[in-house]
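Have a look at the structure below, then the notes.
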Amino acid sequence: MSNHVYIITGASSGLGAEISRQLLLEENNVFCLSRTENDDIIRQASGYRYKFYSIDLTHVENVYLILQEIIATIDSSKIDSITLINNAASVSPIKDIQYCTQDEIMANIQLNLTTPIMLTSSFIRLTSEWEVKRRIVNISSGSAQYPAQSMSLYCSAKSALNMFSRCVGLEQDGVPNAVQVFAVDPGMMDTEMQKTARDSVFQLSEFFSKQKLEGNLTDPAHVASKILTLINSLVIKNGDIHHV
Ligand SMILES: NC(=O)c1ccc[n+]([C@@H]2O[C@H](COP(=O)([O-])OP(=O)(O)OC[C@H]3O[C@@H](n4cnc5c(N)ncnc54)[C@H](OP(=O)(O)O)[C@@H]3O)[C@@H](O)[C@H]2O)c1
């Protein structure tokens with residue numbers, strides 16, 4: 001096992017896939033969690049440094065067990081760091097709240113908020129005896145700060161995720177072998193999530209289409225590289241919310 005271990009949710013497309021690809025180029029040990037697996041990453045990864053777990057992260061009851069299984073495969077005496085990146089998210093349902101079904105509401109909040117919270121809690125507990133650098137990166141969004149019609153669930157979950165990162169950052173401040181916890185807003189990227197917003201019929205679909213037409217969407221590979229530089233920099237304070 002390499003010296004640095006990363007656990008990434010939502011690694012099959014967009015930002016998560018780019019982060020995983022770049023980590024594998026550097027010979028890190030990467031655990032990817034999503035419902036589907038990315039073929040390019042399978043081709044790029046060589047054997048033992050990459051492991052994929054197929055999981056629907058809206059089913060929060062499975063989250064602890066998967067993390068426990070991953071942690072059990074790692075010999076902490078042989079690594080220097082472990083990083084959890086809570087990246088998986090969905091902007092759906094894009095509807096005014098009265099039209100969202102109970103299942104849609106639960107799935108959104110579970111994926112975008114409850115799962116990152118459960119993974120954070122389990123990660124801190126399961127690695128508490130490890131004498132290695134431990135980090136948690138929560139991928140946030142500008143939507144955490146800007147209210148939007150028909151995106152109330154996504155905006156609220158991201159806003160709560162920022163506050164959660166700040167609170168846990170405070171909890172970890174000054175603790176021996178503290179876990180470094182922070183959030184990163186990646187900005188608008190050219191990914192499937194943006195396409196979903198563009199293709200949906202709602203007040204902001206024109207805005208999202210315009211961002212694509214005017215070339216305002218960033219390449220997720222570029223953002224991934226910036227986030228990895230940030231993760232490995234010394235300037236991060238616990239609970240910080242960064243903008244890339
Ligand atoms: N794109 C943007 O403009 C933008 C802007 C601000 C913030 N962000 C944030 O950046 C992060 C990455 O977004 P992205 O644009 O790269 O999104 P994306 O291309 O849509 O990818 C989302 C990832 O999440 C996974 N995922 C979705 N539902 C899941 C489920 N139920 N269980 C497990 N995994 C699931 C998907 O994998 P499977 O479908 O295989 O499960 C996929 O790998 C998100 O946190 C997003 O909120 C994006």
Inset, instruction - Only bridges with both residues in the chain count here: give the DSSP antiparallel percent, nearest 5. - result: 0
Legend entry - Counting all C-alpha pairs of segment 34-91, share separated by more than 14 Å (%): 67
Legend entry - Helix runs (DSSP H) in the chain reaching 20 Å along axis by Cα, Kyte-Doolittle at least -0.5: 152-172
Inset, instruction - Rounded to the nearest 500, what is the 222 nm mean residue ellipticity of the chain from helices alone, with -39500 (n - 2.57) per DSSP H run of 4+ residues and division by all residues? - result: -12000 deg cm²/dmol
Inset, instruction - Would you tell me the accessible area of Ile42, worked out with a 1.4 angstrom probe on the heavy atoms of the protein chains, in Å² to the nearest 10? - result: 70
Legend entry - Rounded to whole Å, sorted largest first: equivalent-ellipsoid semi-axes of segment 127-244, Cα gyration tensor: 31, 16, 10
Legend entry - Exposed-site-free run, longest, the chain (rule: trypsin sites (Lys or Arg not before Pro); DSSP loop; at most 15 other C-beta within 10 Å): 36-236
Inset, instruction - Would you mind checking the radius of gyration and Dmax of segment 1-67 based on alpha-carbon positions, in Å? - result: 11.4, 33
Inset, instruction - Keeping the other protein chains in place, figure out the carbon and sulfur percent of the accessible area of the chain, with a 1.4 Å probe. - result: 52
Inset, instruction - Could you state the accessible area per residue of the chain in Å², with a 1.4 Å probe and every protein chain left in place? - result: 48
Legend entry - Loop GluC sites (Glu not before Pro), segment 36-99, which have at most 15 other Cβ atoms in a 10 Å radius of their Cβ (DSSP): Glu37
Inset, instruction - Just need the Rg to Rh number for segment 5-143, please, alpha carbons only, Kirkwood Rh. - result: 0.99
Inset, instruction - Send over the per residue convex hull volume for the chain, Cα only, as a whole number of Å³. - result: 118
Inset, instruction - Please state, to two decimals, what the Cα-based radius of gyration of segment 71-145 comes to when divided by 2.2 N^0.38 Å (N = residues). - result: 1.43
Legend entry - Which listed pairs, of Lys78/Lys158; Lys51/Lys158; Lys51/Lys95; Lys133/Lys210; Lys95/Lys210; Lys51/Lys133, have C-alpha distances above 32 Å, in listed order: Lys78/Lys158; Lys51/Lys95; Lys133/Lys210
Inset, instruction - Check each of the GluC sites (Glu not before Pro) in segment 162-244 and keep only those in coil by DSSP with at most 16 other C-beta atoms within 10 angstrom; list them in order. - result: Glu214
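The values are calculated or read from the model by the stated rules, or taken from the named source; none is laboratory data. Predicted model only: the values in this text are computed from it and were never measured. Note that we place each Cβ from the backbone using ideal geometry, even for glycine, and neighbour counts take in every protein chain shown. Calculation scope for accessible area: heavy atoms of the full protein, side chains included, ligands and nucleic acids excluded. Shrake-Rupley method; radii C 1.70, N 1.55, O 1.52, S 1.80 Å.
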